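> Below: one structure in structure tokens.
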Amino acid sequence: MSNAKIYPVPAETAKNANITREQYQEMYRRSLDDADNFWAEQADERLHWFKKWDTVNGSDLNKGVIKWFEGGKINAAYNCLDRHLEKRGSQTAIIWEKDDPKADAEHITYRDLHERVSRFANALKARGVKKGDRVCIYLPMIPEAAVAMLACARIGAVHSVVFGGFSPQALQDRVLDSDCHVVVTADESVRGGRNFPLKANADQALQKCPDVNTVFVVKRTGGKVDWQEGRDVWYHEAVKDASADCPAEETDAEDPLFILYTSGSTGKPKGVMHTTGGYLLGASMTHEYVFDYKDGEVYWCTADVGWVTGHTYIVYGPLANGAITLMFEGVPTFPDAGRFWDVVDKHDVAIFYTAPTAIRALMGQGNDFVTRSSRKSLRLLGTVGEPINPEAWEWYNNVVGDKRCPIVDTWWQTETGSILITPLPGATDLKPGSATLPFFGVEPQLVDNDGNLLDGAVAGNLCLARSWPSMMRTVYGDHQRFIETYLSTYKGKYFTGDGARRDEDGYYWITGRVDDVLNVSGHRMGTAEIESALVLHAAVAEAAVVGFPHDVKGQGIYAYVTLMSGKEPTDELKKELNDLIRKEIGAIAKPDFIQWAPGLPKTRSGKIMRRILRKVACNELDSLGDTSTLADPSVVDDLIEDRANR
Ligand code: ATP
Ligand code: MG
């Protein structure tokens, strides 16, 4: 893709940017060549420390030891709240947009948030929660989710947020794995105009969790709930009785802040553990520089707080920076597919950050839902979670951004804590589909399967050659698994599990997980590339490509294709798709099978689960594996049925 289109930094963006091109180059070089001083300065400037650290970087990737700012005393909630009170106590911290579009949004000031957090922190203490204890948060997108996270941080407890859309089984596994004794939930959640029984799910999950002694229940809807005397406590009663004075615990920079399970698209979820100082530094720095955040702007990340994106870019990053962060309870398609843009207009959102899956879904609904809104407040767009197909990128740019909002395609993982490969709006020319260049302190390397370092414009396995402050520290309760999964494949490097290509400008193109790379008659190709070609067709909304064993070619190509609403699947269309691939990539990439798929199996965070699609393609239907993190398991049954009629 050396012929990829280039979108230069708009002059207006360059002029007002927090980081210019020259600054990026200078700072990036220094972040590698003079790393300890670079990070010490950043930590000093950006965060409040009760006491400074003894060592900046005590990490050793060979030994599986990751440590930053050890000996430093810091509190994440203090940094997100207390230190802002003097200057911006009466400024909005969180705008809460409810599911119901007609409901008034709630504006919570920094002072108000500080009080709510302090009260709930005391309520946790009153139920025996101490520093180091794990607290499970199973809540919908309501302000209490952020309050509960920060309340844990305030007293040095470790939160483990479990996405509110997860099943009782998934909740149970996570509560047990991290040995939580306290769970925070709500009576019901509200999404897309419907209520879901959250407390009932929690009750079911906790039947096999005898060590859970307290369940705080937020009253969201007033729906009917069962009650276990002694264990269950109404959240509003607990905070009413609690004092609003709760001094922040002086935790060590290396004390754990949270555990978060990965989304599970490749197998059994891992309890990724992050600590306090380095994580907060990465969150705050990337939020300011990647989103080019300016004081007073309304910033909206549409992720759920149940994912790392919600942790870092709804709660910790924005609040550490004293920003206004919007929290949305609902879904992109309720009451209709224009909701995102209505909310943008309603709150004058300047910065909007979402996932390719949402962009593709809305693209499939047509432009009218977008163009009926003004979106004149928008200044910057972002994406995260999967490679974005250039076609979807262009739509995001042209239709949503009216060709005037730079798009930051941010690559990172639960494990990395914050964004690692990304454009900076004022510094980086954009190429649709590329996450572009490394952030400060990040040293990406591409290696072949034997671990040999690859130079120049080349494709390979994406590794990171050195530790960065917001890196995960361990897999909770299983340090050996941490070392085996991330640090053993290529000795001395962190292996991301992703494949990438570097072009002649040094730009990185994430090609998907390395497990997804196909080898067809000796030709290696990324599934992302074939999918992007399929999505170029005007009738195609989404596509997923997997390999299956093929007698002649080694691997054959199996494509699942979802059509735009209103389009009919025909043999003629299949032929057009084959021709398109031949033209875009070459005959070698032509699918052996195209299966029309009204829906694709996705994780709750919207990622396509290729693992399951592979099984269906190979007709290995009795070994589908763990499907508990699927958003809609019935999709799989439909695919299996359709496969039979293929
Ligand atoms: P699991 O590790 O349990 O299989 P997961 O990898 O989907 O789940 P996350 O940590 O949420 O869990 O996702 C990180 C992955 O998402 C990355 O490794 C990468 O494959 C993909 N990803 C994230 N952002 C981008 C991006 N901008 N471009 C391409 N891929 C991305
Ligand atoms: Mg992963």
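> Inspect segment 5-21 for any residue being within 26 Å of Leu464 (Cβ to Cβ) and among the acidic types (Asp, Glu) and give the result as yes or no.
no
> Return the residues of segment 407-427 that are more than 14 Å from ligand 1 (Cβ to nearest atom) and either crowded, with 24+ Cβ neighbours inside 10 Å or without any contact (Cβ under 8 Å) to a residue 24 or more places away in the chain (or both); say none if nothing qualifies.
Across segment 407-427, the qualifying residues are Leu424, Pro425, Ala427.
> Quick one: Thr221 ticks every box in (1) surrounded by fewer than 22 Cβ atoms within 10 Å (Cβ to Cβ); (2) under 31 Å from the mean Cα position of the chain (by Cα); (3) under 30 Å from Phe69 (Cα atoms) except a single one, so which number is it?
For Thr221, the exception is condition (3).
> Return the total of residues in segment 60-71 being at positive phi and not in a loop (DSSP other than H, G, I, E, B).
Here is the first cut: in segment 60-71, the ones at positive phi are 64, 69, 71.
Then drop every residue that is not not in a loop (DSSP other than H, G, I, E, B), which leaves 69.
Going through segment 60-71 one residue at a time, the tally reaches 1.
> Say we look at segment 469-505 and pick out the residues that are within 22 Å of the chain's Cα centre (by Cα) and among the β-branched types (Val, Ile, Thr); which of these is farthest from ligand 2 (Cβ to nearest atom)?
In this case the residue turns out to be Thr474.
> Given the conditions (1) out of contact with any Ser or Thr (no Cβ under 6 Å at 6 or more places or on another chain); (2) under 26 Å from Ala631 (Cβ atoms); (3) within 16 Å of ligand 1 (Cβ to nearest atom), report the number of the one that Leu380 does not fulfil.
(2)
> Name every residue in segment 518-533 that is within 12 Å of ligand 1 (Cβ to nearest atom) and not in a helix (DSSP H, G or I), in order of residue number.
Residue satisfying the conditions is Gly526 alone.
> Of all residues in segment 181-212, which are within 16 Å of Arg231 (Cα to Cα) and of a type in the set (Ser, Thr, Tyr)?
Passing the criteria: only Thr185.
> (1) polar (S, T, N, Q); (2) touching a strand residue (DSSP E or B) at 6+ places or on another chain (Cβ under 9 Å); (3) within 19 Å of Arg473 (Cα to Cα): which one isn't true of Ser434, the others all being true?
It fails just one condition, (3).
> So, Leu462, is that one farther than 18 Å from Ile388 by Cβ and outside any loop (DSSP other than H, G, I, E, B) or not?
Spelling it out, it is not the case that Leu462 is farther than 18 Å from Ile388 by Cβ and outside any loop (DSSP other than H, G, I, E, B).
> Taking Lys199 as meeting all but one of (1) under 18 Å from Met141 (Cβ atoms); (2) outside any helix (DSSP H, G or I), write down the number of the exception.
(2)
> Let me confirm something: among Thr354, Thr414, which residue is more than 16 Å from ligand 2 (Cβ to nearest atom) and either within 30 Å of Thr474 (Cα to Cα) or not aromatic (Phe, Trp, Tyr) (or both)?
That would be Thr354, the only listed residue that is more than 16 Å from ligand 2 (Cβ to nearest atom) and either within 30 Å of Thr474 (Cα to Cα) or not aromatic (Phe, Trp, Tyr) (or both).
> Can you tell me which residues in segment 563-612 are within 16 Å of ligand 2 (Cβ to nearest atom), assigned to a helix (DSSP H, G or I) and within 15 Å of Glu542 (Cα to Cα)?
Arg610, the sole residue that qualifies.
> Here's something else I'd like to know. Where in segment 72-171 are there strands (runs of 3 or more DSSP E), lying wholly inside it, with at least 2 residues that are touching a Phe, Trp or Tyr at 6+ places or on another chain (Cβ under 7 Å), at pLDDT 95 or above and of a type outside the set (Asp, Glu)?
On the way: elements: 92-97, 106-109, 134-137, 158-161.
Counting at least 2 such residues, we get 158-161.
> What is the one condition in (1) away from ligand 2 (no atom under 16 Å from the Cβ); (2) in contact with an Asp or Glu (Cβ under 8 Å, 6 or more places away or on another chain); (3) not charged (D, E, K, R) that Ala435 does not satisfy?
With respect to (1) away from ligand 2 (no atom under 16 Å from the Cβ); (2) in contact with an Asp or Glu (Cβ under 8 Å, 6 or more places away or on another chain); (3) not charged (D, E, K, R), Ala435 is out only on (1).
> Here's another thing I want to ask about it. Condition check: more than 11 Å from ligand 1 (Cβ to nearest atom), buried (at least 20 other Cβ atoms within 10 Å of the Cβ) and within 26 Å of Ala105 (Cα to Cα). Does Phe440 satisfy that?
Here the answer is no, as Phe440 does not meet what is asked.
> Suppose the filter is over 30 Å from Asp342 (Cα atoms), at pLDDT below 95 and not aliphatic (A, V, I, L, M); does Ser178 pass it?
The answer is no for Ser178.
> Continuing with the same structure: Out of all the residues in segment 619-629, which are assigned to a loop (DSSP other than H, G, I, E, B), at negative phi and more than 30 Å from the chain's Cα centre (by Cα)?
Answer for segment 619-629, where residues must be assigned to a loop (DSSP other than H, G, I, E, B), at negative phi and more than 30 Å from the chain's Cα centre (by Cα): just Glu620.
> Would you pick out the residues in segment 376-390 that are of a type outside the set (Ser, Thr, Tyr), away from ligand 2 (no atom under 16 Å from the Cβ) and surrounded by 21 or more Cβ atoms within 10 Å (Cβ to Cβ)?
Within segment 376-390, the subset of a type outside the set (Ser, Thr, Tyr) is 376, 378-382, 384-390.
Add one more test, that the residue is away from ligand 2 (no atom under 16 Å from the Cβ), and what stays is 376, 378-382, 388-390.
Hits for segment 376-390 are Leu378, Arg379, Leu380, Leu381, Gly382, Ile388, Asn389.
> Name the one entry in Gly271, Gly282 that is modelled with pLDDT of 95 or more, touching a strand residue (DSSP E or B) at 6+ places or on another chain (Cβ under 6 Å) and small (Gly, Ala, Ser).
Working: Gly282 fails: touching a strand residue (DSSP E or B) at 6+ places or on another chain (Cβ under 6 Å).
Result: Gly271 is the single residue among Gly271, Gly282 that is modelled with pLDDT of 95 or more, touching a strand residue (DSSP E or B) at 6+ places or on another chain (Cβ under 6 Å) and small (Gly, Ala, Ser).
> Which of the residues spanning segment 399-424 are over 19 Å from the mean Cα position of the chain (by Cα), of a type in the set (A, V, I, L, M, F, W, C) and in a loop (DSSP other than H, G, I, E, B)?
Taking segment 399-424 first, the residues over 19 Å from the mean Cα position of the chain (by Cα) are 399-406.
Remaining after also requiring of a type in the set (A, V, I, L, M, F, W, C): 399-400, 405.
The one that is over 19 Å from the mean Cα position of the chain (by Cα), of a type in the set (A, V, I, L, M, F, W, C) and in a loop (DSSP other than H, G, I, E, B): Cys405.
> Now, a different point. Exactly one of these conditions fails for Tyr396: (1) within 19 Å of the chain's Cα centre (by Cα); (2) more than 10 Å from ligand 1 (Cβ to nearest atom); (3) part of a loop (DSSP other than H, G, I, E, B). Give me its number.
Failed condition: (3).
> Another one. Taking Val239, is it in contact (Cβ under 8 Å) with a residue 24 or more places away in the chain, out of contact with any Ser or Thr (no Cβ under 8 Å at 6 or more places or on another chain) and in a loop (DSSP other than H, G, I, E, B)?
So Val239 fails the test.
> Please go through segment 164-189 and give me each residue that is among the small types (Gly, Ala, Ser) and out of contact with any strand residue (DSSP E or B) (no Cβ under 7 Å at 6 or more places or on another chain), ordered by number.
Matches in segment 164-189: Gly165, Ser167, Ala170.
> Now for a different question. Output yes when any residue across segment 264-282 is closer than 18 Å to His84 by Cα and of a type outside the set (Gly, Ala, Ser), and no when none is.
yes
> When segment 506-524 is examined, which residues are found to be more than 16 Å from ligand 2 (Cβ to nearest atom), surrounded by fewer than 22 Cβ atoms within 10 Å (Cβ to Cβ), in contact (Cβ under 8 Å) with a residue 40 or more places away in the chain and not hydroxyl-bearing (Ser, Thr, Tyr)?
Gly506, Val520, His523, Arg524
The values are calculated or read from the model by the stated rules, or taken from the named source; none is laboratory data. Please read all numbers here as calculations on a predicted model, not as lab measurements. Don't worry about glycine lacking a Cβ; one is built from the backbone with ideal geometry, like all the others, and counts go over all protein chains shown.
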